[in-house]
Each structure stands twice: as structure tokens, then as C-alpha cells.
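Report on the following structure.
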Amino acid sequence: MLPLAGYTVVDFSQFLSGPLASLRLADLGARVIKIEKPETGDICRQLYTSDTILNGTSTVFHAINRNKESLVLDLKSESHKQIIRDLIARADVVLHNFRPGVMERLGFDYASVREINPTVIYGEISGYGKEGPWVKRPGQDLLLQSLTGMTWLSGDANNGPVAMGLSIVDMFAGSNLCSAVLACLYRRAIHQMGAHVHVSMLDSAVDIQFEAVTTYFRDGKLLPQRSEVSNAHAYLAAPYGVYRTQDGFLALAMGSIPFLTKLLECTALEGFADGEQAFRERDTIKAILTEHLATASTAHWLAILEAADIWCADVLDWRRLTEHDAFKVLDMLQEVTMGDGFHYETTRCPIRIDGERLTATKGSPKLGEHTAKILEELYG
């Protein structure tokens, strides 16, 4: 039995952050009912992150909205609002990620929802919180990465700011909301208390950088300095980075410079020490390593480094990773099937409970697919 079996989530959220939170709740057993507007539904249905389309809808929608139900209602219609009120009365959790003020105008802010269901857990994600000069800005991942200093941590120093290739702020905001909702559900089970949970993408983007922010204030507010060569972490000394080899790339984490000098037979590194020098002169050290590691294959260097217990790794692309036994043993992929019979392969929940992987067979819903079913349940 899944931990959240029997719980119902009414989910108004769109795009990525909110749906990621409700996806995890669904993976844990909750019934998630997406409230979608007529004709277009969740905007993410047409948010294409590539030119790949699955069953007429964007791949990202399918990936984060599997195992959910779709209920189409017009939030501006009074009769449809009443349906939502009746649904909320039976719900355990209500989620949304609208901009501040939207749910108040619609009549589904926390105060209004609490009148309907006093013990409901009401969770919301905003871009920038509910006050301050950025409140009305669009809460989009790249913008949050850019505004919070995150783009100054990736890429080599001379390449300017570099964004991460994933919607990392959305993901962490959704994860934070899910964690808080689970904690409040636990408290409700003991004390019969509802809760209002608010997570902002801005908070989450700053929190992701806890190490860098803490160092910044401890370090006299000196800005992080990325290395000019093979930067992988602004606050770590050489050899930490990714290096080109004769036939690919090699990731090299922590390692003693004098030890690597002998191990790799790299005489150009002789005289360099660990500690302060490895950080102060990391560009020089990394440049030497870059030239040296390019003289042989990745497999050659891995054989030497791994035998000496140096932390290192091949740099795989998706094709090589998914063909590797280390990936296959994870069993991280699952096939899910939509209501119309269309099936696709996607990731499963990464959580294991009592040794069991959490999987689901239900794909993402067609727009309004469950409307009639849900109305039948509500009104007979």
C-alpha cells in the first residue's frame, strides 16, 4: 500500500514547478486531479522543449503529468466554481502556482478554501514571494537563475554567465513544496490541523546555492571566482574539473597534486603543492592537466586513476549511459499508457519504499479525460 493512498490532491498548477510537486505526491499514492481550462488546458501541453511530440502534446507535459486525472472547468464560471468548491470539500491538498493575487480574484485563496475545508493543506508556489519589487515578474527558470547569481557559477571564467541545461529552480521549488505538504499532512494526521504552505522560486534558487551564499558572507563578500580552465566548482581547487582526452572527456574530482604528478607521470606538475597553491594557481595546474590528459584515451587514464582510488569518471552522453549496465540495473524507466491506448517510456519515481521501486502504469491525461467521471462521483 502506497503511503498516500486514499488522499486527494486538487491541482491548479501549470508549467513545471507545481506539477512536479503533484507528480511526486501521485507517485506516493495520492489521487491528483488537474483543474484545466477549456480548449487549451495546462499551458505546458504546448510548451515544447524539443521538436519531439508525443500523441499531439509536448513531451514535457507527458513526463510530469503522468498518473494524474484531468478535469476541465472554467474558473470564471460561477457554476464551475461551485463544482470546484464541492471538490475541495473532499480534498486533502490544494495546489497552485499562479502569480500573487490570481487565486484571490478567483475566490480560491487560502482563506476562502479554508472556509470550505478547515483541515486542507493548501500549497502554492510563486516566482518571487508576495512582496518586494520583483513580485510581478514572470517566475521562469532561466530568469530566476540569472537574477540569483547562479549563472556565475557554471562555465569557465572567460565565457561569461552560463545557465544550467535543466529547469533546476522549478525542480527544487516543486520538491520543496512537496516536502512541506508531506510534513503538514503528517501534522494534520496527529493534530487535525490544516496548513498554508508557500514556496517561492526565488527562495528556492537562493537555497540551492547554500554553500556559495554562506561562503560569500564568510569570505568578506568576495564574489565567487570561476577558474579559466575546466571550471566545475567556483570554490574548489585544482584538479576539480572536466578534461578532454584523446577520445572523449574525463571528470576529475578531488586529488592530491603531488600524487597525481607521479601517478600520471606529468613532470610539468612537479613543484605544485596541495592546499592554498592548488586553489591560487588552479588555472595553471588545470592548463597543464588539460594538455597532458589529451595525450591518451579516457580508458587509459581511468585504469590508472581508479586503481589508485582517485575520484574520477568517464563523461557519458545519454546514449552511452542508457546502454551501460549501471543504468540498466537501476530500472529507472517505465512504460505508461494513456486512456486512448497510446503508450510511452518515461522515468519512474526515484524513491524506494521497503525495498520496492515505486512505479505507475497510467500515462498523462487527455484534456478533460476524467471530467465526466469526476462529476459523476461528486453528484451521482
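Since every read-out is calculated from the coordinates, none of them should be taken as a lab result. This structure is a prediction, so every number in the text was calculated from the model and none was measured. Cβ: placed from backbone, ideal geometry, glycine included. Neighbour counts: every protein chain shown.
Projected onto their three principal axes, the Cα atoms of region 87-144 cover extents of 37, 19, 15 Å, largest first.
The ellipsoid equivalent to the alpha-carbon distribution of region 223-380 has semi-axes of 49, 18, 14 angstrom, derived from the gyration tensor eigenvalues as √(5λ) and listed largest first. Note that region 167-268, at 10 °C in a medium of 1.306 mPa s, gets a Stokes-Einstein diffusion coefficient of 90 µm²/s from its Kirkwood radius over C-alpha pairs.
Site pair Gln82 and Arg99 shows an inter-label distance of 3.2 nm when each label is modelled 7 Å from Cα along Cα→Cβ. Along its three principal directions, the equivalent ellipsoid of region 1-141 from the Cα gyration tensor extends over semi-axes of 23, 20, 15 Å, largest first.
Three principal axis extents of the chain based on alpha-carbon atoms, in descending order, are 81, 48, 42 Å. Suppose R0 equals 22 Å; then what is the FRET efficiency for Thr119 and Ala183 from their Cβ-Cβ distance, rounded to the nearest 0.05? The computed FRET efficiency comes out at 0.90. Percent relative contact order of region 1-126, based on C-alpha pairs within less than 8 angstrom and at least six residues apart? So the answer I get is 29 percent. Peptides 297-307, 177-187, 198-208, ordered by how many other C-beta atoms sit within 10 Å of their residues on average, highest first, read 198-208, 177-187, 297-307.
What FRET efficiency, computed as 1/(1 + (r/R0)^6) with R0 = 51 Å and r the Cβ-Cβ distance, is obtained for Asp340 and Ala273, rounded to the nearest 0.05? FRET efficiency, Asp340 to Ala273: 0.20.
Relative contact order for the chain: what percent, with Cα pairs under 8 Å and sequence separation of 6 or more? Show your work: numbers first, answer last.
Details: 666 pairs, mean separation 63.1, N = 380.
Computed value for the chain: 17 percent relative contact order.
In region 283-380, taking the dipole from charged Cβ atoms about the Cα centre, the farthest positive-side position among Tyr379, Val329, Gly368 is held by Tyr379. One way to sum up the overall shape of region 106-203 is the equivalent ellipsoid from its Cα gyration tensor, whose semi-axes run 34, 16, 8 Å, largest first. Distance between the C-alpha centres of region 123-172 and region 248-274: 35 Å, rounded to the whole angstrom.
Taking 0.36 nm per residue of separation and subtracting the Cα-Cα distance, full extension of the segment from Asp314 to Leu263 would add 16.6 nm.
Take every pair of alpha-carbon atoms less than 8 Å apart whose residues are at least six positions apart; their mean separation over the length of region 98-193 yields a relative contact order of 26 percent. Model label points for His233 and Tyr379, set 7 angstrom from Cα along the Cα-to-Cβ axis, are 5.9 nm apart. What whole number of Å gives the distance from the Cα centroid of region 198-237 to the Cα centroid of region 10-49? A separation of 31 Å, based on Cα centres. A simple packing score, the average count of other Cβ atoms within 10 Å per residue, orders the peptides 26-37, 123-134, 76-87 as 26-37, 123-134, 76-87, with the highest score first.
Here is the size of region 1-53 from its Cα atoms: Rg then Dmax, 12.8, 39 Å.
Taking the Kirkwood radius as Rh and the Cα radius of gyration as Rg, region 258-348 has a ratio of Rg/Rh equal to 1.23.
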